[in-house]
Amino acid sequence: MDTTLKASIDEVHRHVTDCAQNIVRVLIENGHLDTGRARELILYASQLFKLTPEVSRPAWLPSILEFDGKELRSTYSKNHAYEFTAFILSNIRNIEAAILTPDEVNYDFDLAFDDVREAENIPATFDDLIGKLEEIIAADLIDSRVVQQALERLMALLKRNKHGSLTSILVSLHYGRFALKAFGGVLSANKYLKPMVEAFKKEFAVAEAKVQDAEAKLKEEAIHRLTNEQRLMSYLSQNGVDASNIAGYLTVSDAEGDTA
């Protein structure tokens, strides 16, 4: 987005926010709608709508333009004023939140995960897992061809995905958990393989913890970038991301909301 346009959007949005905050303040202190501020808010919102690219347009913006500023001043339109008041009160946090640029809206989880993955040293941890799997296979004590193939497939996954996306890494761990659950007991029954299997299990737990930490950091960063729950949920829906995986990161406290 052009910096001049972004500055104009931010300036008009500041006026919208100021009007909304003043409306809420008057409602709380005096119990009535400041219709002058309400009309002013709608006028600024109309300017903001024209300036803001569709991809950056927050959900509340077109909704607020459905209200008629002239009707709000009419003594015969109490229902209209009541609906406007209810809308402002329920959307004040979203109105205060920053207008995102297209780059911010198109947040790239995989690109962001690259830095987090390296910071958590996940590739090196996967290398340790691969080394321990190689020891188990090289011992040549596995009687079952099915078990042998499962371990070889897991090793191939770990090698291929150690520098991969969050999704590919989670797939690798999911298959690793399956292999341990299905064949861990059989392998540990061999007294020579048991220490190797236990060492692999221990390292696998370390890998899972590191990936969980990396995922948590990624989600926290995404929350800061996407600034409010409404737009985050919209992004997740548009990009096919399972929102249940990040439910713990969706609630923004009042203190955090005040700085949005």
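Read the figures in this text as sums done on the coordinates, not as results from a lab. Here the structure is a predicted model, which is why all the values come from computation and not from measurement. Heads up, the Cβs are rebuilt from the backbone with ideal geometry, glycines too, and the neighbour counts pull from every protein chain shown.
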Tally Lys/Arg at +1 and Asp/Glu at -1 over every other residue whose Cβ is under 12 Å from the Cβ of I130; what's the total? -2
Per-residue ³J(HN,Hα) for segment 57-65, Karplus 6.51 cos²θ - 1.76 cosθ + 1.60, θ = phi - 60°, Hz, x for Gly and Pro: 6, x, 5, 6, 5, x, 5, 5, 6
Which whole-Hz ³J(HN,Hα) couplings does segment 90-97 yield from phi under the Karplus relation 6.51 cos²θ - 1.76 cosθ + 1.60, θ = phi - 60°, glycine and proline marked x? 7, 10, 4, 5, 5, 5, 6, 5
Counting pairs of Cα atoms in segment 3-104, how many percent are more than 15 Å apart? 59 percent
Applying the gyration tensor rule to the Cα atoms of segment 122-170 (axes a ≥ b ≥ c; rounded if a/c under 1.5, else prolate if a/b exceeds b/c, else oblate), the class is oblate
Compactness of segment 109-226 - radius of gyration and Dmax, Cα, Å: 15.4, 53
